[in-house]
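Please read the structure below before turning to the comments.
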Amino acid sequence: VSPEKSKTMIGFDDAQRIVRERSIAGSATVELPIQDAFGHVLAESITSTINMPLFNKSAMDGFAFRFGDLSEGNSFKIVAMIQAGKTPNVKIAANECVWIMTGAPVPDDCDTVIPIEDTQVMRSSDTTSNTSPEVNQEVRFMSPPRRGQHMAILGEDIKEGDVALKAGHLLQHHDVAVLATVGRATVKVYRPPSVAFAATGEELVEPGNPLQPGMIYNSNAYALWSQIKQTNATAEYIGVIKDTREDLREKLTEGLKHDILVLSGGVSMGEYDYVPDILAELGVEIQFHKVMIKPGRPTLFGVCGDTLVFGLPGNPLATIYSFMLYTAPAIRHWQHHPNPFGFRYKGELMEPVTKKSGRTQLVPCELELIDGRYQLYPRKTHGSADLFSVSGAKALAIIPAAAREAKRGETVGFRKLFE
Ligand code: AMP
Ligand code: MG
């Protein structure tokens, strides 16, 4: 056993701490069209160049009038019609009103809007029927309005020169709408890292090709590809790497040119698990190589200049969980994400879990929210290669290393696998 393979194990919390300490917040920024900005972190503060609303605006289809005129009676003469997008210069006299559409500017003379549903338009020949309004017709207000109702006031949402979004803000859907609202077509965000990834193993065949005896389809690369995409990073697929020193040396050299390199397989105790040796040979400083966790013990984290390297275990569930617990946080940190390690929740375990003490146990669970409390229903799996048993599991319970078992009814920490 080579010296690189015999590095001592560390606990899960220490492993996450080391990733937190050694991962890098990148300084590069990029200007993106706003339609691509979702999930990125702002590298500039956004100052509003406009007042919002830009003018006193009707919030209803109805009639704008002067509230004070109501003392003269609740019948008003329609003197104009204002469509959204139009700014006619309308003046009104006593007990006159304008027919106005939602989003149209309310004339300066008016201070209140009554919705069309609360009115009755009078045809000159007929005093009871309600018809579509027309200029010069009379309209009667059928319910008492409040002064100022159904108007959005100039600058009440944001004023010109105010900060709409601060640098460091993680852009959600409605933030993209804010950018558009203040007229921005592009925005400066932190550049996501370029993430190279590969699957190692002589036994791997790419999906879509025939399987030979002893071979399996490469699933890890495609799980990793999805996980990388979800972080907004640029995914650079190297492909399958053979378990030979030559192939590893050549392809890992390429991979190390990226900001982050992610590998699956070849980091364990097998005779052909050359990944740690070759990484060390290429100048990667290995920070840890084994974690006291199940699944996911053979997990390697290394640093080479400004490049972070993750050697994830080959077993499919271990790959996915290790990426989620170490790699995704490092990628998010690179992009200045405000909460790179994600949220931890607590829930009630609905079935007992037995385990070896001394190793943190990851347990995929179904999740229910009953009366404000999360309930965790562990999935039965055949082990860390059994992808089929966990499809649809929404939570990953994290049972601490020290425990021999977690009883039914016990409160345990978990992370959401998806919402
Ligand atoms: P390793 O960590 O290379 O020893 O692999 C551990 C187990 O995971 C072995 O059973 C491998 O066949 C399997 N495995 C490794 N890489 C992949 C992959 N890319 N897709 C699916 N299974 C894999
Ligand atoms: Mg292997």
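The values are calculated or read from the model by the stated rules, or taken from the named source; none is laboratory data. Computed from a predicted model, the values in this text were never measured in an experiment. No Cβ is skipped: glycine too gets one built from the backbone with ideal geometry, and neighbour counts run over all protein chains shown. Surface accessibility is based on the protein's heavy atoms, side chains included, excluding ligands, DNA and RNA. Shrake-Rupley method; radii C 1.70, N 1.55, O 1.52, S 1.80 Å.
At a threshold of 8 angstrom on Cα-Cα distance, excluding pairs fewer than six apart, so keeping six or more, what relative contact order does the chain reach in percent?
Relative contact order, the chain: 17 percent.
Could you tally the net charge around Lys57, taking each other residue with its Cβ under 12 Å from the Cβ of Lys57, Lys/Arg +1 and Asp/Glu -1?
-2
Of the options Ser132, Phe76, Val291, report the single residue whose Cα projects farthest towards the positive end of the charge dipole of the chain (beta-carbon charges: Lys, Arg +1; Asp, Glu -1).
Val291
Using alpha carbons only, how many angstrom separate the centre of region 194-252 from the centre of region 41-97?
Comparing the Cα centres of region 194-252 and region 41-97, I get a distance of 61 Å.
Given the options Val187, Ile238, His258, identify the residue whose Cα lies farthest towards the positive end of the charge dipole of region 187-260 (+1 on Cβ of Lys, Arg; -1 on Cβ of Asp, Glu).
Going by the Cα projections, it comes out as Val187.
Using alpha carbons only, what's the Rg to Rh ratio of the chain with Rh from Kirkwood?
Answer for the chain: 1.21.
Any chance you could run the full-extension gain for Gln83 through Val135? It's 0.36 nm times the residue separation minus the Cα-Cα distance, nm to one decimal.
Working it through step by step, the gained length comes to 17.4 nm.
Determine, for each peptide in 204-217, 24-37, the mean count of other beta carbons within 10 angstrom over its residues, then list the peptides with the highest first.
Put in order of decreasing packing, that is 24-37, 204-217.
How big is the dipole moment of the chain about its Cα centre under a simple scheme where the beta carbon of each Lys and Arg is +1, that of each Asp and Glu is -1, and everything else is neutral? Debye, nearest 20, please.
Approximately 1240 debye in magnitude.
Find how much the distance from Glu206 to Gln16 grows on full extension, using 0.36 nm per residue of separation minus their present alpha carbon separation; answer in nm with one decimal.
Full-extension gain reported as 65.2 nm.
Give me the lysines in straight-line cross-link reach of Lys159: C-alpha distance below 16 Å, same-chain residues under 8 apart excluded.
Lys57
State in Å² the accessible area per residue of region 176-270; use a 1.4 Å probe, count heavy atoms of protein chains only, and round to the nearest integer.
For region 176-270, the solvent-accessible area averages 45 Å² per residue.
Along the charge dipole of the chain, Cβ charges K/R +1 and D/E -1, which of His337, Leu248, Met52 sits furthest on the positive end?
Leu248
What's the magnitude of the charge dipole for region 136-263 around its Cα centre, counting Lys and Arg as +1 and Asp and Glu as -1 at the beta-carbon? Answer in Debye, nearest 20.
680 debye
Counting only DSSP beta bridges with both residues in the chain, tell me the antiparallel percent, nearest 5.
Here the antiparallel bridges make up roughly 65 percent for the chain.
Using a 1.4 angstrom probe on heavy atoms only, work out the carbon and sulfur share of the accessible area of the chain in %.
For the chain, the apolar C and S fraction of the accessible surface comes to 51 percent.
Please sort 266-273, 220-227, 98-105, 78-85 by packing, taking for each peptide the average over its residues of neighbouring beta carbons within 10 angstrom, highest first.
In decreasing order of mean packing, 266-273, 220-227, 98-105, 78-85 become 98-105, 220-227, 266-273, 78-85.
What chymotrypsin sites (Phe, Trp or Tyr not before Pro) in region 335-401 are in a loop by DSSP, with at most 15 other Cβ atoms within 10 Å of the Cβ?
Passing both the DSSP loop test and the Cβ count: Phe343, Phe388.
Counting only trypsin sites (Lys or Arg not before Pro) that are in a DSSP loop and have at most 13 other C-beta atoms within 10 Å, tell me the longest site-free stretch of the chain.
The segment 167-256 is the longest one with no such site.
Less than 24 Å apart at the alpha-carbon level, and either on another chain or at least 8 residues along: which lysines does that give for Lys294?
Lys5, Lys7, Lys346, Lys355, Lys356, Lys380, Lys394, Lys407, Lys416
Quick one: putting +1 on the C-beta of Lys and Arg, -1 on the C-beta of Asp and Glu, what dipole do you get for region 188-252 around its Cα centre, in Debye to the nearest 20?
The dipole of region 188-252 has a size of about 460 debye.
Can you give the accessible area per residue of region 313-363, in Å², using a 1.4 Å probe?
37 Å²
Remind me, what semi-axes does region 183-304 give for its equivalent ellipsoid, largest first in whole Å, using sqrt of 5 times each Cα gyration tensor eigenvalue?
Result for region 183-304: semi-axes of 27, 19, 14 Å.
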